[in-house]
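The values are calculated or read from the model by the stated rules, or taken from the named source; none is laboratory data. Just so you know, these numbers come straight off a predicted model, no measurement behind them. With ideal geometry, Cβ positions are generated from the backbone for all residues, glycine too; neighbour counts draw on all protein chains shown.
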Ligand code: GLA
């Protein structure tokens, strides 16, 4: 009897051992570029190589951007053995050679598929081919997989994504697993054990209203984020033309405060100096990449004016003052209050302002917090971002 129980335990343990995601990946939110927001189905080997080149030439690789991800439309069919068939016209040398090209630049390579029978653009999906596809991705040198949720009919999200996680783990190549089921089955509650990031909302659109709507949906999700497990409010629209420069600064600042994956979605070969400056603002990126891995919480909500706070390593903190309105606002800012802010509304932290330097992360200047409180002007749809750094 004792032996039987031991045997059952052994079997359960060995079965359980493949049911895991790759740990030690995405300890900070993944950074990179993805083809969808700008190019949709217009992807090709030429374009992806060009974007990899530009990632390096623009200096964005040095700022931390790493993954080059092809989204939907690289695949056209399955062959008689069920193997996925690549669009030969658009990717004449196949995916492996493209991955090699990207790796040779010191970048990483990502690809897209879908948990359903077809992708969102009606290309062959992964359903029923999970282990086969995972082996293919491992062979090609894939480092990142975005897995969508179209054409899934009655599939259960949790088990479908767990199945792909197990397939990737069995294939043996460490791959960042990005769940893209738009928050429908509350992935924040379960996906930490399945993948490294999970979409929380519908698709972003390159407009202020869409971006700010997504922000509102992130508000209660802060507690689910941490090293290796990130809420994904969708890819960046910075530089795509539908928002003003101020709005893009706001978009980027908020995504960094949220510890969101920073996946650029613009044409890297055709960037204005403003776009480059936003995507390359290392001081703002440092908030996103802070190794404590805390997502910001909304500390004050005064309707059109909000204050978001992100805790950082070494008792540091960032404060993002957001003017959502269509008019300029003059706000009174008390750095003492911001520094002592806590996500637990009723308690304050015992930090002393005199022990800290205060930095304006868009002006790149240090502030003298001696004149406190300060009155600060914030343009419409804009932010001020301050960082408290312990002396
Ligand atoms: C869904 C996803 C998008 C994109 C498209 C591709 O809409 O949410 O991010 O991948 O599919 O078809």
Go through (1) on the phi < 0 side of the Ramachandran plot; (2) touching a residue at least 12 places away in the same chain (Cβ under 8 Å) one by one and return the number of the condition residue 259 breaks.
(1)
Checking the conditions here, which among 59, 94 is at positive phi, over 24 Å from the mean Cα position of the chain (by Cα) and loosely packed, with under 15 Cβ neighbours inside 10 Å?
94
Residues (modelled with pLDDT under 95 and not in a strand (DSSP E or B)) located in segment 356-391:
368, 369, 370, 371, 372, 373, 391
Could you name every one of the strands (runs of 3 or more DSSP E) located completely within segment 202-310 that has at least 2 residues being touching a strand residue (DSSP E or B) at 6+ places or on another chain (Cβ under 8 Å), away from the ligand (no atom under 16 Å from the Cβ) and over 21 Å from residue 112 (Cβ atoms)?
297-302
Considering only residues that are free of Cβ contacts under 8 Å to residues at least 24 places away in the same chain and in a helix (DSSP H, G or I), look in segment 40-90 and name the one that is farthest from the ligand (Cβ to nearest atom).
57
Considering only residues of segment 189-200 that are outside any loop (DSSP other than H, G, I, E, B) and touching a residue at least 40 places away in the same chain (Cβ under 8 Å), which is farthest from residue 115 (Cα to Cα)?
193
Report yes if residue 36 is buried (at least 18 other Cβ atoms within 10 Å of the Cβ), closer than 17 Å to residue 279 by Cβ, within 14 Å of the ligand (Cβ to nearest atom) and in the same structural domain as residue 226 (by TED's automatic domain parsing), otherwise no.
yes
